[in-house]
Amino acid sequence: MEKLSLPPLFSNGMVIQQGAAFPVRGSSLPFSTVTITFWGKSFQAQADADGKWRMILDPVQAGGPFTMDIESAEEKICIRDIYSGDVWLCAGQSNIELPMQRLRDNYPEEWTAEAFPPIRQFKAPQEWDFSGPREELSGGRWTAATAETLHEFSGTAWFFAKSLYEKYHLPIGLISTGWGGTPVEAWMSREALAVFPEKIAQGEQYADPALCKEIGAKSEAAIQEWEGKLTREDQGLTGKWQSPQTDLFDININSGWNDITLPGDFAYVGLVDFCGVIWLCREFDVKAEFAAQEAKVWLGTIVDADTVYINGVEVGNITYRYPPRKYRIPVGLLCEGKNRIVIRVSCVNGQGGITRDKPFRVFNENDCIELAGTWKYRIGAKAPPRPEAFFFQRQPMGPFNAMIAPILKFPLRGVIWYQGESNDPEPDTYAALFKAMIQDWRNKFALRIKSGQDDLPFLFVQLPVFGSPAENDEAASWAIIRDAQSAALSLPATGMAAALDLGEWNDLHPLNKKEVGRRLFLAAEQVVFKNKDICVSPMYRNIQLRGNKLFLTFDNCGSGLVARETPYVSIVAGGTLGACRLLLRLPAEIAGPDTISVDISSIKNENKKPEKILYAWANNPRDRQLYNSEGLPVVPFRVEIPSL
């Protein structure tokens, strides 16, 4: 028989939502009486035949630390160090998951605070379940922010919470559920996907645990076989090419070593669609004083896996493409004079290379040696593309059932969401999916909590730029997803942090999470705290045609629009008799504090019919010059042009 127990969210260090009736639930012996003592009051309930019990505690004001005693005839549990404040569910994919550890070099001051604010994070276990919504999380713990634990916190959530605390001085609880690579449908319930029966069928086929085990085992075995064969056939490993004694620079033209410019894609030297192992090497000179100190080697990001050697000694390795390569070189490994760096790169899908425009150097506190330039390369082994890994967490409903459903029983102040990148293959469905998910989470939250509060606030990040700068393109997938995110603002109690200017063209995980968090805070100020003096990003309001000019007006302009360079838009135009449609780039002018104008006389003179106007409509739009006086970017838009 099960003795007294509580779900993982109800544990030491927890943060509960201030001002909200608080449901506590758990298990004990069937029909046993359970008593809770909290904040000077006692509450009592009887377990049912299955041993389940639930009771509603009265709201408490912000503060802490508090203690809660839960007792049955058989056992007593004491939950200590409880705070009451605002609790936020932090959800999405890798950019909400990205930990502070990844940001440590960008924000070292975050670790040196004299006193850390009362911000706590509960990291939910990353699990999936296709059999139906779970009642409880399988584990997890509350962690208070300190210099020793900050590296675990979501970067976006930390900076959001810190901004909130600095303004309102309330304890903050962050329930972190982010999971890299997950599309929006993975975070949706069966009910939310009702109008997408193909998504339901896709997810339900994995409801059989035996089938999942078989799929997972086959996928893992295939990858292990591919990697094992590659290792066995790699001439670089058998020939010890990482060794400083190996003559990698033999002038013999048959030595197999050739020149390559790095950073850059391996395709630039003819290795198009190359899969296998490529070895990279170069030498660099070090002075005695440099060699006597600890150093670091930063190599940007590498596609796909790497092992890095300095003078024959491995200093680090990473097994997939996204994390930055930042490795420590211990004192004594470098020597005065010539030193050698060797990188063994495993390319799994034909897109190998070292990302451009990233730090690529060996350095210490006093000096820096740039590594960009001519390297030597040699093929260690060739292989077919690696078998695709199977990710159950990317299938519809799985993460929702295991991770979100149990949390929606817990009183929350709101949700912050950063996701959309993994819906790139099907951007046209994102608008309907995203709205359906928000509404479904709210419905389930209201049904379970029964708090009588208004719609659960839902704040989200609009996708930043990614990829090489490009002209406007109506078919651009990320532009379509951004538009779908903007459209979700039609739902009540929603707010958006426009992050177009916070991206990095060469990194799916941009590092300026401090500003992302601040912009989510601005959205919270507007949506949750009803601060009418807060200005968020400008959004298109309406369009008028006056003579040969279009006039577009915007909301949220602060004290006025600002153009950091000459702003440009694109006009979609067609011939009056059905000729081919054109996309024409035209300059715009600021025509008032909240208005821009575009002269379209050149289109009319060519007997073309202007149909639409596009601004910042590309994965990484070349033209995104407009901001408001607060430095926030104008949200991308695509608008039908009134008839001439």
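Rounded to the nearest 5, the antiparallel percentage of DSSP beta bridges internal to the chain is 80%. Taking every alpha-carbon pair under 8 Å whose residues sit at least 6 apart, the range 237-340 reaches a relative contact order of 30 percent. Note that the range 109-126 has calculated 3J(HN,Hα) couplings of 5, 5, 8, 10, 5, 5, 9, 8, x, x, 10, 10, 10, 10, 9, 6, x, 7 Hz, one per residue in order, obtained from phi through the Karplus relation 6.51 cos²θ - 1.76 cosθ + 1.60 (θ = phi - 60°); glycine and proline are x. Between residue 590 and residue 31, the distance separating the two model label sites (each 7 Å from Cα on the Cα→Cβ line) works out to 7.6 nm.
In this structure, residue 225 and residue 468 have a Cβ-Cβ separation that, at R0 = 35 Å, corresponds to a calculated FRET efficiency of about 0.45. Hey, how many Å between the Cα centroid of the range 18-51 and the Cα centroid of the range 56-108? Each part's Cα centre sits 19 Å from the other's. Across the range 294-303, rounded Karplus estimates of 3J(HN,Hα) from the backbone phi angles (6.51 cos²θ - 1.76 cosθ + 1.60, θ = phi - 60°) give 5, 10, 10, 10, 10, 10, x, 10, 10, 10 Hz, Gly and Pro being marked x. Within the range 372-517, antiparallel bridges make up roughly 10 percent of the DSSP beta bridges whose residues both belong there. When you count the other C-beta atoms within 10 angstrom of each residue and take the mean per peptide, 261-273, 159-171, 25-37 line up highest first as 159-171, 25-37, 261-273.
The order of 286, 465, 331, 639, going from fewest to most other C-beta atoms within 10 Å of their C-beta, is 331, 639, 286, 465.
About its Cα centre, the range 33-164 has a charge dipole of approximately 200 debye under the convention of +1 per Lys or Arg Cβ and -1 per Asp or Glu Cβ, with nothing else charged. In the list (i) 31.3, 103; (ii) 34.3, 123; (iii) 28.2, 89, the label attached to Rg and Dmax of the Cα atoms in Å as derived from the coordinates here is (iii).
The mean sequence distance of close C-alpha pairs (under 8 Å, at least 6 residues apart), as a share of the length of the chain, puts its relative contact order at 13 percent. When +1 charges are put on Lys and Arg Cβ atoms and -1 charges on Asp and Glu Cβ atoms, the dipole computed for the range 539-640 relative to its Cα centre reaches about 360 debye. In the structure displayed, which of 167/513; 296/513; 123/162; 240/382; 218/326 lie more than 22 Å apart, Cα to Cα? Going by Cα-Cα distance, 296/513; 218/326 fall outside the 22 Å limit.
Tell me, what is the percent relative contact order of the range 539-640, built from C-alpha pairs under 8 Å that lie six or more residues apart? Result for the range 539-640 is 32 percent. Sorted on the mean count of surrounding Cβ atoms within 10 Å across their residues, most packed first, peptides 509-521, 387-399, 543-555 read 509-521, 387-399, 543-555. Between residue 58 and residue 194, the FRET efficiency estimated from the beta carbon spacing at R0 = 30 angstrom works out to 0.20. When a/c reaches 1.5 or more, the comparison of a/b and b/c decides; with that in mind, is the range 283-327 rounded, prolate or oblate per its Cα gyration tensor? Note, shape of the range 283-327 comes out prolate.
Here the gap between residue 439 and residue 389, fully extended at 0.36 nm per residue and compared with their Cα-Cα distance, gives a gain of 14.8 nm. Shown is the FRET efficiency for residue 44 and residue 370, computed with R0 = 56 Å from the Cβ-Cβ distance and rounded to the nearest 0.05: 0.20. Near residue 557: Cβ cut-off under 12 Å, other residues only, Lys/Arg at +1 and Asp/Glu at -1. The net charge is -2. Count the net charge of all other residues whose Cβ sits under 11 Å from the Cβ of residue 625, scoring Lys and Arg as +1 and Asp and Glu as -1. For residues surrounding residue 625, the net value is 0. For residue 563 and residue 317, the difference between the fully extended length at 0.36 nm per residue and the C-alpha to C-alpha distance is 84.2 nm.
Over all other residues within a Cβ to Cβ distance under 11 Å of residue 641, the charged ones net out to +1, with Lys and Arg as +1 and Asp and Glu as -1. Of all lysines in the structure, the ones whose alpha carbon falls short of 24 Å from that of residue 435, not counting any fewer than 8 places away in one chain, are 199, 409, 444, 450, 530.
When the charge dipole of the chain is built from unit charges on Cβ atoms (+1 for Lys and Arg, -1 for Asp and Glu) and taken about the Cα centre, the candidate among 434, 359, 258 whose Cα reaches farthest toward its positive end is 434. Packing-based ranking of 407-420, 306-319, 104-117, 44-57 yields 407-420, 306-319, 44-57, 104-117, ordered from highest to lowest mean Cβ neighbour count within 10 Å. Partner lysines whose Cα lies under 20 Å from the Cα of residue 549, excluding those fewer than 8 positions away in the same chain, are identified as 604, 608, 609, 612. Put in line by how crowded their Cβ is, counting other Cβ atoms within 10 Å and starting with the fewest, 535, 78, 557 read 78, 535, 557.
Only the coordinates and a few stated rules stand behind these numbers; no lab work does. Owing to the predicted nature of the structure, the values given are computational and were not obtained by experimental measurement. Cβ coordinates were reconstructed from backbone atoms using ideal geometry, including for glycine residues, and neighbour counts include every protein chain displayed.
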